[in-house]
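Here is the structure we will look at, set down as structure tokens.
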Amino acid sequence: MSRVRWHFRPRLWPSVAALSVVGLLVGLGTWQMQRMVWKEALIAELAARDSQPPVFLPQVIADPEALEFTPIRLNGLFLHDRELFLGARVYNGEVGFHIITPFVLADGRTVLVNRGWVPSTRRAPETRAAGQIAGIVTVEGRLRTGGWKGYDMFRPANSPEKNDWLWMDLPAMAARAGIDNALPSIYIAAGVAENPGGLPIGGAARVNVRNNHFGYAMTWFALAVALLVIYVVHQSRRQEDDEG
């Protein structure tokens, strides 16, 4: 009768290659855990900022990102004849647009306001005339920063000539609207207060920062463990010992 034994006999170059990759995977998992802690702190900070009472727009905005999601109150005048259309935006499963309207403040500055969603069939201003509020009004919303938020390689092209926008390119949007004094780095996303006629539907600015880093970390760690197991099995040799 013979008994089978496995002996772990690692060879140099397979060991170097495998352990290097395992180290890389563990490093990636550790980095994702660090990102998770950072993202949790960011979400808590944004939520705390979002819960504050609204303030008027500061005269000087040195660090726009430090004010992201800050509740803001504006007094001024909408320039409805210079609307911009941000698509494609979905509300309750229906595709439509966000209406971006220049808003002139009492101090002469102009800020773009995302007034909210309208269905594709109501893009034309005359189809929602009740919501084209005239005169001096008060608007409450959240301060947001403009620009493309994702990777540059995935950034879609806006179409200024058609007044069709897929992301908030604030300088280009201000130029399309014929505004030469618009704030270049921030806009205001209107709150949930209902507009006359029901459109646009505001409330687009919510603190909804995804935090998937724990799942990413577990994936990297699992790959490291799987590779380590494969390495040990691959570098083990079967040996039969005779008995009796």
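Tabulated data
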{"read-out": "Per-peptide average of other Cβ atoms within 10 Å, ordering 48-58, 170-180 highest first", "value": "170-180, 48-58"}
{"read-out": "Rounded, prolate or oblate (a/c below 1.5 giving rounded, otherwise prolate when a/b exceeds b/c) for segment 38-175 by Cα gyration tensor", "value": "oblate"}
{"read-out": "The chain, accessible area per residue, ligands and nucleic acids excluded (1.4 Å, Å²)", "value": "58 Å²"}
{"read-out": "Accessible area, probe 1.4 Å, largest first, for residues Tyr91, Tyr151, Tyr216, Tyr187", "value": "Tyr151, Tyr216, Tyr91, Tyr187"}
{"read-out": "Among (1) 32, 22, 19; (2) 41, 20, 15; (3) 57, 19, 16, the entry that matches semi-axes √(5λ) of the Cα gyration tensor in Å as calculated here", "value": "(3)"}
{"read-out": "At least 24 Å along the helix axis (C-alpha) and Kyte average at least 0.0, DSSP helices within the chain", "value": "12-50, 213-234"}
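The values are calculated or read from the model by the stated rules, or taken from the named source; none is laboratory data. In this text the structure is predicted, and so the values were computed from the model without any measurement. All Cβ positions, even for glycine, are placed from backbone atoms using ideal geometry, and neighbour counts span all protein chains on display. For accessibility, only protein heavy atoms count, side chains too; no ligands or nucleic acids. Shrake-Rupley method; radii C 1.70, N 1.55, O 1.52, S 1.80 Å.
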